[in-house]
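Comments concern the structure below.
The values are calculated or read from the model by the stated rules, or taken from the named source; none is laboratory data. What you see is a predicted model, and the numbers here were worked out from it, not measured in a lab. In this analysis, Cβ positions are derived from the backbone assuming ideal geometry, glycine residues included, and neighbour counts consider all displayed protein chains. Only protein heavy atoms, including side chains, enter the accessible area calculation; ligands, DNA and RNA are left aside. Shrake-Rupley method; radii C 1.70, N 1.55, O 1.52, S 1.80 Å.
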Amino acid sequence: MACFLVPAAEAVVVTAVALTLKKKEEKLTLPAHEAVGTEAPAQEQKFTWSRKLFLLSGLLWGGILLLAFEHLWHGEVNPEDKAVMLHEMATVGVTMSAVVTAVWGVAVAVVSAKFKKRAKTAVQEG
């Protein structure tokens, strides 16, 4: 019924944090490139925390949109059943948020390990 509201709240917070981090990361990297007078090389792409959080945000927003559409399609959004809605939010909504965040965490760990391995290999070769 309203299980998508818990991931929606998480998505709002994650998106806000990701946008804030992105601005801070841009402020930190921009002066360094201006001082040198060059732009960042294309190979210097880093897996920053803002990028990681935007991935989580995308997963959450995509799931929210699909769930909200599905619930509306089947007429399951009914504000009159507040007790049922709160129970579903506390059980299904929290579980969905936790699972999506856990899967994201595993994916980030795997990708980060690959980035580190690739950087280590590049240092050994160069």
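When you go through 96, 85 one by one, which is the residue that is surrounded by 11 or more Cβ atoms within 10 Å (Cβ to Cβ), at pLDDT 90 or above and among the hydrophobic types (A, V, I, L, M, F, W, C)? Even if it seems obvious, please write down each step before you answer.
Values: 85 fails: at pLDDT 90 or above.
That would be 96, the only listed residue that is surrounded by 11 or more Cβ atoms within 10 Å (Cβ to Cβ), at pLDDT 90 or above and among the hydrophobic types (A, V, I, L, M, F, W, C).
Would the stretch 112-121 turn up any residue that is surrounded by 10 or more Cβ atoms within 10 Å (Cβ to Cβ), in contact (Cβ under 8 Å) with a residue 12 or more places away in the chain and of a type in the set (Val, Ile, Thr)?
No, that holds for no residue.
Does residue 106 qualify as being within 18 Å of the chain's Cα centre (by Cα), farther than 22 Å from residue 9 by Cβ and exposed (fewer than 15 other Cβ atoms within 10 Å of the Cβ)?
Values: within 18 Å of the chain's Cα centre (by Cα): yes; farther than 22 Å from residue 9 by Cβ: yes; exposed (fewer than 15 other Cβ atoms within 10 Å of the Cβ): yes.
The answer is yes for residue 106.
For residue 27, indicate whether it is open to solvent by 100 Å² or more (accessible area, probe 1.4 Å) and either within 23 Å of residue 113 (Cα to Cα) or modelled with pLDDT of 95 or more (or both).
On the way: open to solvent by 100 Å² or more (accessible area, probe 1.4 Å): yes; either within 23 Å of residue 113 (Cα to Cα) or modelled with pLDDT of 95 or more (or both): no.
In short, no.
If you go through the stretch 45-84 one residue at a time, how many are more than 22 Å from the chain's Cα centre (by Cα), in a helix (DSSP H, G or I) and touching a residue at least 60 places away in the same chain (Cβ under 8 Å)?
Matching residues across the stretch 45-84 total 2.
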